[in-house]
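Peer 1: Can you keep this structure in mind? I'll have questions shortly.
The values are calculated or read from the model by the stated rules, or taken from the named source; none is laboratory data. Every value quoted in this text rests on a predicted model; they were computed, and no experiment measured them. No Cβ is skipped: glycine too gets one built from the backbone with ideal geometry, and neighbour counts run over all protein chains shown. Surface accessibility is based on the protein's heavy atoms, side chains included, excluding ligands, DNA and RNA. Shrake-Rupley method; radii C 1.70, N 1.55, O 1.52, S 1.80 Å.
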2 protein chains.
Amino acid sequence: MEEWDEVEVPKNVKDIFIEMKNTAELMVDLAYSAVLFKEKEMAEEVLELEEYLDILNYNLAVRAVLAARNMKEAERITSILQMARSIDDISDAAGDLAKMVLEEKLHPLITEVILESEETIGKIVVSPESVLVGKTLEELDLATNTGVRIIAIRRGKRWIFDPDEDTKIFPNDILIGRGTRTALDYLKEIARGNIKVMPNE
Amino acid sequence: MEEWDEVEVPKNVKDIFIEMKNTAELMVDLAYSAVLFKEKEMAEEVLELEEYLDILNYNLAVRAVLAARNMKEAERITSILQMARSIDDISDAAGDLAKMVLEEKLHPLITEVILESEETIGKIVVSPESVLVGKTLEELDLATNTGVRIIAIRRGKRWIFDPDEDTKIFPNDILIGRGTRTALDYLKEIARGNIKVMPNE
């Protein structure tokens, strides 16, 4: 993601728009994770995604404006630009959170607040005995089967941000997931190898 | 929530802060639901929550500033105010989305984008034969067991926004839930009565 000149942007308005919404939501999750675990690399990823989202937003605006042919169409297209701005505002808020991580002045209360919210973030260590090992995220469908959305994976010294459905889980991976406390605890039991059967089996 | 003078605000900084984060997240979910289903009542709820969040934010700021005793503490407390502002920015973006619903100028593309994002919103109609009927949200723990977070329930002519864990499900309730498409489809099968056993049984 270093070379923004060469970054690939989806070709049509709809796909750009979907990519914007998904990216902003990932940014919020990653920003809270970065704050919680004081992970600077993750905070930097959020700031890179913020730049990517600006590019998407610009591309969306140009294409949307081009599509307006009359007054009525122009009015409805304005709603697209407005929603894109809301998404962009959310991503900026995530960016501001990420900057706090890089500045290293976090009050301990912030950690508590993230941990005690309805939806929280957790670290899940995958034991070599776990049924998760060797399966792809698509096969596991953890969002449906455990209520946890995986937002990043730590493998040895590197990060995989926003892993896709083909990503396979390795022994000793550390999964960063978002969900309720109960959902995260449930996935932890599976990851430890204490629960041997996935609910979809 | 009409009488803001009498609104109850949690007493300490931490609880206010947690309430702010939960409220902002609910607002985003409700705002997307309002946009998707063109539900003005839901949009108005988002705007009321935006006012509530402003009150929370003010109360947090006063209490946080009072707590600072020296330079170092003041710096760390600033991070609390900064995170509160990020949360407030997110809630403002949700408010802007809600206003679009009230203005009735939504482009059809917006619906498609919400439906096709990684996390989407669905309406789930509860058949009288479903195993969901008569159980509380706590007993069901749908977030863990199906990956769907219930953000509102339509019961006859009235809305229950942000139902709590004691809320019981009635026959013919319409649940508004957030999750992946697979998760929402799974819950729909349970709600239709086609799946008779909850995964936690």
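Peer 1: Residue check: is B:A84 open to solvent by less than 20 Å² (accessible area, probe 1.4 Å) and at pLDDT 90 or above? Full working, then the answer.
Peer 2: Working: open to solvent by less than 20 Å² (accessible area, probe 1.4 Å): yes; at pLDDT 90 or above: yes.
Criteria met by B:A84.
Peer 1: One residue is enough: does region A:17-35 have a residue meeting the conditions farther than 23 Å from B:D89 by Cα, of a type outside the set (G, A, S), more than 13 Å from chain B (Cβ to nearest Cβ) and out of contact with any Gly (no Cβ under 9 Å at 6 or more places or on another chain)?
Peer 2: Checked against the condition, which is being farther than 23 Å from B:D89 by Cα, of a type outside the set (G, A, S), more than 13 Å from chain B (Cβ to nearest Cβ) and out of contact with any Gly (no Cβ under 9 Å at 6 or more places or on another chain), region A:17-35 yields no hits at all.
Peer 1: Do any residues in region A:52-81 that are closer than 18 Å to B:L106 by Cβ have Cβ atoms under 8 Å from those of residues that are among the aromatic types (F, W, Y) and open to solvent by less than 40 Å² (accessible area, probe 1.4 Å), where the two are at least six apart or on different chains, and which pairs are they?
Peer 2: Close Cβ pairs (under 8 Å, with a partner that is among the aromatic types (F, W, Y) and open to solvent by less than 40 Å² (accessible area, probe 1.4 Å)) amount to A:L60/A:F17; A:I80/A:F17.
Peer 1: What about A:K38, is it closer than 17 Å to A:L102 by Cα and basic (K, R)?
Peer 2: Judged against the criteria, A:K38 is a match.
Peer 1: Okay, moving on. Of the residues B:E73, B:E119, B:E51, B:E112, only one is surrounded by fewer than 15 Cβ atoms within 10 Å (Cβ to Cβ), farther than 24 Å from B:V9 by Cβ and either modelled with pLDDT of 95 or more or outside the structural domain of B:A143 (by TED's automatic domain parsing) (or both); which?
Peer 2: B:E112
Peer 1: Please work out if A:S79 is of a type in the set (S, T, Y) and farther than 30 Å from B:M198 by Cα.
Peer 2: Spelling it out, A:S79 is indeed of a type in the set (S, T, Y) and farther than 30 Å from B:M198 by Cα.
Peer 1: List every residue pair whose Cβ atoms sit under 6 Å apart, with the two residues 6 or more apart in sequence or on different chains, where the first one lies in region A:102-122 and is more than 7 Å from every other protein chain (Cβ to nearest Cβ) and the second, anywhere, is among the hydroxyl-bearing types (S, T, Y).
Peer 2: Final answer for the pair search is A:I114/A:Y32; A:I121/A:Y32; A:I121/A:S33.
Peer 1: Conditions first: (1) without any contact (Cβ under 8 Å) to a residue 24 or more places away in the chain; (2) part of a loop (DSSP other than H, G, I, E, B). A:K14 passes all but one, so which condition is the exception?
Peer 2: A:K14 satisfies every listed condition except (2).
Peer 1: Out of B:K168, B:K157, I need the residue that is among the basic types (K, R), in contact with a Lys or Arg (Cβ under 8 Å, 6 or more places away or on another chain) and over 26 Å from B:S117 (Cα atoms). Which one?
Peer 2: Going through B:K168, B:K157 in turn, the sole match is B:K168.
Peer 1: Of all residues being more than 9 Å from chain A (Cβ to nearest Cβ) and among the polar types (S, T, N, Q) in region B:57-88, which is farthest from A:G95 (Cα to Cα)? Just the residue, please.
Peer 2: Across region B:57-88, the extreme among qualifying residues is B:N70.
Peer 1: Mind counting the residues in region A:168-201 that are more than 14 Å from chain B (Cβ to nearest Cβ) and either open to solvent by less than 20 Å² (accessible area, probe 1.4 Å) or farther than 29 Å from B:L26 by Cα (or both)?
Peer 2: Number of matching residues: 13.
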